[in-house]
Amino acid sequence: MRLKRGAAAEPDANSPSKRVKKTSAAASVEKSVEEAVSEEVSPSKSRRVAKTKVSEPILVAEVQDNPQQKRPKKQAKAQSKEIIEDATSITQVETAVIQEGSDVTKITKVKVTSKVANGTDDKVEAKQKTSSQKQPAKRKSKEEKEAEAMPLKPRTPNLRMFIGSHVSSAGGVQNSVKTALHIGGNAFALFLKSQRKWDNPALKDEHRDEFKNLCGHHNYAADKHVLPHGSYLVNLAQAEADKADQAYACFLDDMKRCDALGIKLYNFHPGNTGPHPRNEAISRIAQQLNKAIKATTHVIPVLETMAGQGNAIGSSFEDLRDIISGVEDKTRVGVCIDTCHIFAAGYDIRTSEAFEKTINSFDEIVGLKYLRAFHMNDSKAPFGSHRDLHQNIGLGFLGLRAFHSIMNEPRFEGLPMILETPSDADNSVWATEIKLLESLIGMDASSEDFLALENDLAARGSAERVKFQEQVDKKAVKEKKKSAGGQKRKRKANEEDSDMTE
């Protein structure tokens, strides 16, 4: 049989025959999908192919893939339509091929109009669905793989500031070097093992050797510009003996990994007091540091400044000073200033005057000689909120000017500066922010270029700043009411005591 305008797509002739449901009792009509298709393809002189419009379809057989799948929003269609007519029936076959990603769905509709002897058309509907065939994932070509390995941004040589980000070490510490190179960083941070569990496999010799080889090949000074981050589980202020031993063992394991990798700086969160006095907790931290320093050769534990949430230690410069005072070897202890954390803790660096005041205060209380690194983060939460919420550079409450001050401070030259800002899947945000920070070096803060950049970033982060400011304001009102209620109850209790005394 010759079909007009190309062959019509046919349902699977091998599919099981389905009985169809009659929707009218006017006549007894039973057909199967199988029969409808066989009629369509059987040669007959009385049959013809036409574009005749079918007004009263009495049998609708639908073959469809993925019956539970919602219609995709984006789809590519290929459609065909044929009508076959003979003396007893009119058969209309419609085929559509829909593609969504790697999924291809073929939908075939067969509509048969029966020319019943008594002139009455009975309407019958039937549906049959076939399984979807998922196309295998396309293999990446050599060119595509090479393109993915290419740096998002090239590294900038000969800078006095070493900027990077905290990169993934999934698959082994050696992979962190590749990611740092990919985003154009001149410094980087990493986790030496899983930071969310106590037990971890030992550092593999081949991973150690490849890490050192890659650092050497790509000119990363592991002893200066690599800043691993400690486990979030570790609390060196822990008072309970068993838990304190567990925390120390995890901490020491990281220190020894640094030794093996040729890394000199190791950043960690100091800990929290729990229900115990602050001075006792600080003393325990210093004691644990002394043990770890003696058990390793050259690694310097670096205390990170904290935002001041709960009982966390390290949100004040005095906390850091007191820990350092308890460390026996002062050459092997340091501090990392997290810009978001100190801002949330109440140290302002938004203007050049505020920045100078805060840095001078740090120098007087702790000592700039102990400053070993920076974590470069803007803040989603407002000043003094004690909330640890990192934001992208220039979009938060800190603003771009604070980072301009840091990037142009001669006393910070040579320090690793690590981004921990929100990023996307391919780390392109970090690649862009590294270049943004590098562009601030030597830039005039009163120039039109800087002011335009500052205003643009501030405008982009405006909506989120309003959102978090409202949250902080609501919390402040709630705490004020709670405090007022407590004072009222206290006054009432005092009055009752006074009445009883009289």
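The values are calculated or read from the model by the stated rules, or taken from the named source; none is laboratory data. These numbers were taken from a predicted model, which means no experiment stands behind them. All Cβ positions, even for glycine, are placed from backbone atoms using ideal geometry, and neighbour counts span all protein chains on display.
Evaluated against (1) closer than 17 Å to residue 265 by Cα; (2) part of a helix (DSSP H, G or I), residue 165 falls short on exactly one condition, (2).
This table checks each residue for (1) small (Gly, Ala, Ser); (2) closer than 28 Å to residue 181 by Cα; (3) surrounded by 10 or more Cβ atoms within 10 Å (Cβ to Cβ).
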| site | (1), (2), (3) |
| --- | --- |
| 431 | yes, yes, yes |
| 436 | no, yes, yes |
| 442 | yes, yes, no |
| 452 | yes, no, yes |
| 467 | no, no, yes |
| 475 | no, no, yes |
| 479 | no, no, yes |
| 485 | yes, no, yes |
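The residues of the stretch 358-383 that are hydrophobic (A, V, I, L, M, F, W, C) and touching a residue at least 60 places away in the same chain (Cβ under 8 Å), listed by number, are 373, 376, 381.
Counting only residues that are farther than 17 Å from residue 439 by Cβ, surrounded by fewer than 23 Cβ atoms within 10 Å (Cβ to Cβ) and in contact with a Ser or Thr (Cβ under 8 Å, 6 or more places away or on another chain), which one in the stretch 399-426 is modelled with the lowest pLDDT? Only one residue fits best here, namely 423. In the stretch 269-278, is there at least one residue being free of Cβ contacts under 8 Å to residues at least 12 places away in the same chain, in the same structural domain as residue 328 (by TED's automatic domain parsing), over 24 Å from residue 329 (Cβ atoms) and polar (S, T, N, Q)? No, there is no match, as no residue in the stretch 269-278 is free of Cβ contacts under 8 Å to residues at least 12 places away in the same chain, in the same structural domain as residue 328 (by TED's automatic domain parsing), over 24 Å from residue 329 (Cβ atoms) and polar (S, T, N, Q).
Listed here are the residues, each with its yes/no results for (1) more than 25 Å from residue 298 (Cβ to Cβ); (2) among the polar types (S, T, N, Q).
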site: 170; (1), (2): yes, no
site: 188; (1), (2): no, no
site: 200; (1), (2): no, yes
site: 205; (1), (2): no, no
site: 214; (1), (2): no, no
site: 255; (1), (2): no, no
site: 264; (1), (2): no, no
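Give me the pairs: first residue in the stretch 344-357 and free of Cβ contacts under 8 Å to residues at least 12 places away in the same chain, second residue in a loop (DSSP other than H, G, I, E, B), beta-carbon distance under 8 Å, and six or more apart or on different chains, which are they? If the second residue must be in a loop (DSSP other than H, G, I, E, B), the pairs left are 354/348; 357/348.
The number of residues in the stretch 215-252 being touching a residue at least 12 places away in the same chain (Cβ under 8 Å) and surrounded by 14 or more Cβ atoms within 10 Å (Cβ to Cβ) comes to 26. With respect to residue 215, determine if the residue is closer than 28 Å to residue 275 by Cα, at pLDDT 95 or above and out of contact with any strand residue (DSSP E or B) (no Cβ under 6 Å at 6 or more places or on another chain). No, not satisfied.
Only residues that are more than 18 Å from residue 464 (Cα to Cα) and under 22 Å from the mean Cα position of the chain (by Cα) were counted across the stretch 375-407, and they come to 2.
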